1. Name the residues in the stretch 144-190 that are of a type in the set (Gly, Ala, Ser) and either in contact with a Ser or Thr (Cβ under 9 Å, 6 or more places away or on another chain) or more than 17 Å from residue 216 (Cα to Cα) (or both), would you?
2. When residues of the stretch 121-150 are filtered for being polar (S, T, N, Q) and out of contact with any Phe, Trp or Tyr (no Cβ under 8 Å at 6 or more places or on another chain), how many remain?
3. Suppose we filter 207, 123, 184 for residues that are of a type in the set (D, E, K, R), surrounded by fewer than 16 Cβ atoms within 10 Å (Cβ to Cβ) and closer than 26 Å to residue 33 by Cβ; which single one remains?
4. May I ask you to list the residues in the stretch 65-84 that are in a strand (DSSP E or B) and within 9 Å of the ligand (Cβ to nearest atom)?
5. Please go through the stretch 51-64 and give me each residue that is outside any helix (DSSP H, G or I) and of a type outside the set (D, E, K, R), ordered by number.
6. Are any of the residues in the stretch 124-147 free of Cβ contacts under 8 Å to residues at least 40 places away in the same chain, more than 15 Å from residue 105 (Cβ to Cβ), of a type outside the set (Lys, Arg) and touching a Lys or Arg at 6+ places or on another chain (Cβ under 6 Å)?
7. Applying the selection to the stretch 104-158, what residues are assigned to a strand (DSSP E or B), of a type in the set (Gly, Ala, Ser) and away from the ligand (no atom under 16 Å from the Cβ)?
Amino acid sequence: MSSYEAFADSFAAHAEDSAHNAHYDRPAVLELVGDVAGRRVLDIGCGSGLYTEELVRRGADVVAFDASARLVHHARRRVAGVADVRVHDLRDPFEWLADESFDDAVMPLVLHHLEDPVPALREVHRVLGPGGRLVISTVHPMLDWLQQGGSYFTDETIDEVWNDGWAVRFRRAPLTAWCAEFYEVGFVIERLVEPLPADSMKERYPEVYDRLSRQPFFINFVLRKAPAQGPFRS
Ligand SMILES: C[S@@+](CC[C@H](N)C(=O)[O-])C[C@H]1O[C@@H](n2cnc3c(N)ncnc32)[C@H](O)[C@@H]1O
């Protein structure tokens, strides 16, 4: 079960217009996602379906899932049957999804909640078609280092309470660990972006805008499924 189940309603309300979700993460990730009209897109850890809804609006054929049944309820209500939204824990194999059945996948703000992301990344790699893209956003390792201290190279699981008493578990790891795992699974990094806040945040949340303009909080990747006999596998 996702720990988000315990505060699903509170998270769903928060994500709609929060500084970090609505005015920072989503604008930056959706810019990387770009035009998905007519493409088959997997929304991994879809939460309350805010990405799912936008992907559908852009003309994609979307399958979405999340471990939290309550968040899936919110997402289903949001997309009203237009996308296939399921309860599934990404630590389990995606047995219900065929090999090479998606053009793109998005995994916004989920990666850091996995203690070992490799099995899940392997499944994403399997269901993507040749050259398929995986767009990820996650917590910037520099932020974890600034907040947690100690060695930047620490790789550990942390339990914390965020916002309105949300008890979460997340992994703190250096950038080199994430990149090694992408490589191990067979993804190449096409883009790495340290996003800046959207202009819409300036008026709505001026203090957060000022901080996020100076200090990284999230980091985004566009990964590309490498050819089986890619140059780095020789
Ligand atoms: C910060 S929220 C992001 C939700 C959504 N992607 C968004 O950006 O609005 C993290 C999401 O990851 C989901 N999640 C965490 N661990 C998961 C797992 N093992 N399997 C599936 N979903 C998981 C949570 O339930 C939650 O919906």
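1. Of the stretch 144-190, the ones of a type in the set (Gly, Ala, Ser) are 149-151, 165, 167, 173, 177, 180, 186.
150, 151, 165, 167, 173, 177, 180, 186, listed by residue number.
2. Just the residues of the stretch 121-150 that are polar (S, T, N, Q), to begin with: 137-138, 147-148.
Checking the rest, the ones that are also out of contact with any Phe, Trp or Tyr (no Cβ under 8 Å at 6 or more places or on another chain) come to 147-148.
Result for the stretch 121-150: 2.
3. 184
4. The first filter runs over the stretch 65-84 and keeps only residues in a strand (DSSP E or B), leaving 65-66, 84.
Passing the criteria: 65, 66.
5. Here is the first cut: in the stretch 51-64, the ones outside any helix (DSSP H, G or I) are 58-64.
Those that are outside any helix (DSSP H, G or I) and of a type outside the set (D, E, K, R): 59, 60, 62, 63, 64.
6. Initial filter on the stretch 124-147 (free of Cβ contacts under 8 Å to residues at least 40 places away in the same chain): 126, 144-145, 147.
The next check asks that each one be more than 15 Å from residue 105 (Cβ to Cβ); those that pass are 144-145, 147.
Narrowing the set further to residues that are of a type outside the set (Lys, Arg) leaves 144-145, 147.
Cutting the leftovers down to touching a Lys or Arg at 6+ places or on another chain (Cβ under 6 Å) gives us 144.
Yes, because at least one residue in the stretch 124-147 is free of Cβ contacts under 8 Å to residues at least 40 places away in the same chain, more than 15 Å from residue 105 (Cβ to Cβ), of a type outside the set (Lys, Arg) and touching a Lys or Arg at 6+ places or on another chain (Cβ under 6 Å).
7. 129, 131, 132
Just so you know, all these numbers are worked out from the coordinates, no wet-lab data involved. In this text the structure is predicted, and so the values were computed from the model without any measurement. Cβ sites come from the backbone with ideal geometry, for glycine too, and all protein chains shown count toward neighbours.
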